Amino acid sequence: MTKTLRVALGENSYPLLVGAGILNKVGEFLKPRAKSAKVLIVTDAFVKQHYAPAVSESLTHQGFDVNTVEVPVGEGSKSLAQFARIQDSLVAHQLDRGSTLIALGGGVIGDLGGFAAAVYMRGIAYVQIPTTLQAQVDASVGGKTAINHPKGKNLIGAFHQPKLVLIDVDTLKTLPQRDIRAGLIEVIKMGVIRDESLFETVEENLDAILNLDDTVLIEIISQACINKAEIVAKDEKESGLRMVLNYGHTFGHALEALTHYNRYRHGEAVSIGMNCAARLAVNLGIFSEADFQRQSALLKRANLPLVFPPELSPKVLHDTMYLDKKTIGGKLRLILPTQIGEVVIRDDVAASRVLEVISQNV
Ligand SMILES: NC(=O)c1ccc[n+]([C@@H]2O[C@H](COP(=O)([O-])OP(=O)(O)OC[C@H]3O[C@@H](n4cnc5c(N)ncnc54)[C@H](O)[C@@H]3O)[C@@H](O)[C@H]2O)c1
Ligand SMILES: [Zn+2]
């Protein structure tokens, strides 16, 4: 069973397929859409070993001329050095304007490969084959590509929409449970910000999701992507509405930075951030205690963390948040829930209320 969605962005529109066994059909799906036979697969060492052979074989079978470039596993590969290696490889294998770059891997590979495709010959086609739940439900829609600078994450990048996204839920079978749970937060987040029925689907099917049941996975991944596609369609270059996707992220990003990106998975930090933002909304009288409990119950069942580590200074966390680029005139722009399935954007919350809720830490 495969679901086909369409990310509607005018001339940048593209199909997004979610199913099982898709890796063996990459060649078939790409064939009618590719302008030339040359493709370069960008992947990391782990994903290459497990999944590149199937993809490569399927492409070769359809007559594609396939080359592969492998980068080391991990965030460190979102670097100028690995970016340069990919450009070298594109040049060495003589990819031209009609060629396709295939990003096969997690969010790191999607961001790095997408950025390499965005600038090579002023932009060539790229296909995303995300292999982590995080990348499948989040990075697969939106067209954001980037590498890091030593001074900050994602500082060098471009908007470049893929031509095609292929999501194979079979790849999740090798993903550690911790990463499944952390990736699931972006689905739960989407439920809270705009889709109560998606939230309910996760509540009702959590065990099946964690047991990697194909049918439920395909359902929640496509629903998350449909929601994100609707938001992105209204705000392709992130000027307004798209900000709602940052629910839980302002707190989460500060926590990730303060713990040097090595203590929490992104999704775990966002889980704590969502719990904190929801509590702030309760404190401000715009979110009910019952809805707060409903969100925290689901996060708890998914074994996601809810509170900041006790040794972390609330003041330091607070100050880190206010240093973030999302501050507008000294006020934080916060995404706060008003019910499950609805949020508001608030930039009038006093800093003292923010510090108060971080200190409360419940
Ligand atoms: N462009 C966007 O919109 C967007 C959105 C969210 C996150 N991101 C970026 O994505 C990155 C995080 O993504 P990620 O969590 O996927 O990280 P990742 O790409 O580093 O993958 C995490 C780890 O999982 C491994 N892995 C990948 N697929 C696997 C599989 N099927 N089975 C087992 N292991 C597998 C990788 O080798 C790596 O070690 C960050 O750099 C973040 O900035 C981008
Ligand atoms: Zn996120």
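Observations, loosely collected:
- Whichever residue in segment 59-87 is open to solvent by less than 70 Å² (accessible area, probe 1.4 Å) and polar (S, T, N, Q) and, among such residues, is farthest from the chain's Cα centre (by Cα): Gln62
Per-residue answers, yes or no, for (1) part of a loop (DSSP other than H, G, I, E, B); (2) more than 11 Å from ligand 1 (Cβ to nearest atom); (3) open to solvent by 10 Å² or more (accessible area, probe 1.4 Å):
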{"position": "Leu172", "(1), (2), (3)": "no, no, no"}
{"position": "Leu206", "(1), (2), (3)": "no, yes, no"}
{"position": "Thr215", "(1), (2), (3)": "no, yes, yes"}
{"position": "Glu219", "(1), (2), (3)": "no, yes, yes"}
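- Segment 232-282 - residue that is surrounded by fewer than 22 Cβ atoms within 10 Å (Cβ to Cβ) and among the aromatic types (Phe, Trp, Tyr) and, of those, nearest to ligand 1 (Cβ to nearest atom): Tyr261
- Some residue of segment 176-191 being free of Cβ contacts under 8 Å to residues at least 40 places away in the same chain and either in a helix (DSSP H, G or I) or open to solvent by 10 Å² or more (accessible area, probe 1.4 Å) (or both): yes
- Single residue of segment 311-345 satisfying the filter (without any contact (Cβ under 8 Å) to a residue 40 or more places away in the chain, within 25 Å of the chain's Cα centre (by Cα) and not in a loop (DSSP other than H, G, I, E, B)) that is surrounded by the most Cβ atoms within 10 Å (Cβ to Cβ): Tyr322
- Enumeration of residues in segment 27-37 that are farther than 13 Å from Tyr126 by Cβ and not in a loop (DSSP other than H, G, I, E, B): Gly27, Glu28, Phe29, Lys31, Pro32
- Selection within segment 192-204 - open to solvent by less than 10 Å² (accessible area, probe 1.4 Å) and not in a helix (DSSP H, G or I): none
- Only residues that are more than 11 Å from ligand 2 (Cβ to nearest atom) and open to solvent by less than 10 Å² (accessible area, probe 1.4 Å) were counted in segment 132-141, giving 4.
- Leu304 vs. criteria hydrophobic (A, V, I, L, M, F, W, C), in a loop (DSSP other than H, G, I, E, B) and within 15 Å of ligand 2 (Cβ to nearest atom): yes
The values are calculated or read from the model by the stated rules, or taken from the named source; none is laboratory data. Keep in mind it's a predicted model, so treat the numbers as computed, not measured. Every residue, glycine as well, gets a Cβ built from its backbone with ideal geometry; the counts of neighbours run over all protein chains shown. All accessible areas refer to the heavy atoms of the entire protein, side chains included, with ligands and DNA or RNA removed. Shrake-Rupley method; radii C 1.70, N 1.55, O 1.52, S 1.80 Å.
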